[in-house]
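Heads up, the thing below is written out as structure tokens.
The values are calculated or read from the model by the stated rules, or taken from the named source; none is laboratory data. Bear in mind that the values here come from a model prediction, so they are computed numbers and not experimental data. Here the Cβ is made from the backbone with ideal geometry for all residues, glycine too, and neighbour counts use every protein chain on show. SASA here: full protein model, heavy atoms, side chains in, ligands and nucleic acids out. Shrake-Rupley method; radii C 1.70, N 1.55, O 1.52, S 1.80 Å.
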Amino acid sequence: MRNATRRGFVVLLLTAAATPGRAADVLLQAPNVVPLSPRLVTAGQPTAAALAQLGAQGFGAVIYLAPATVPDAVPGEADIVRRQGLEFIHIPIPFGMPTETDFTAFVEAMQRLQDRKVLVHCQVNLRASSMGFLYRVVVGGEAPQQAYEDVAKVWSPQGPWKMLIEAQLKKAGITFELY
């Protein structure tokens, strides 16, 4: 794995062996890029140039989880993505108020996009890593400890995010203590 910092962004090139379930090569100029599988990558806000290259990297869709009014939002992101023939889904989750409804909308989007490579992003990959974790565990049946390792690369959910995650795990009958 190689990281390089450039103007406050991290460019991550991850090269993984071609084993089932492991992430493939991803080159994305964005903070906190975390490839979860060959078809799912989470990240913070990509640059406009990075967004314009997603189609060439095999992505089929983008799910954006931050409100469009955040200071580092890319103007015209939906158009940049759609011009490449990719689907763009916006689920604007206020950082201090994630809800079960947000998670339900995320699950519906992910299920609709399950045959495509998807980038899930927000500002710095806090919303995206949390929703990705819940989806992988609650819907995908992945072991919480394994899935949470990818969240821990970015942050340790606190406050309303910790409460949302714990509530959704409990609702699904999954016992796991966040750390």
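Details
- Under the combined filter of DSSP loop state and at most 15 neighbouring Cβ atoms within 10 Å, the range 133-177 retains these GluC sites (Glu not before Pro): E177.
- Shape category assigned to the range 61-131 from the gyration tensor of Cα positions, a/c cut at 1.5: oblate
- Surface analysis of the range 54-179 yields an accessible area of 46 Å² per residue, using protein heavy atoms and a 1.4 Å probe.
- Candidate residues H121, H90: accessible-area rank, largest first, probe 1.4 Å: H90, H121
- Rounded percent of accessible protein surface that carbon and sulfur make up, the range 50-160, 1.4 Å probe: 53
- Kirkwood-Stokes translational diffusion coefficient of the range 95-179, alpha-carbon pairs, 37 °C, 0.692 mPa s, µm²/s: 253
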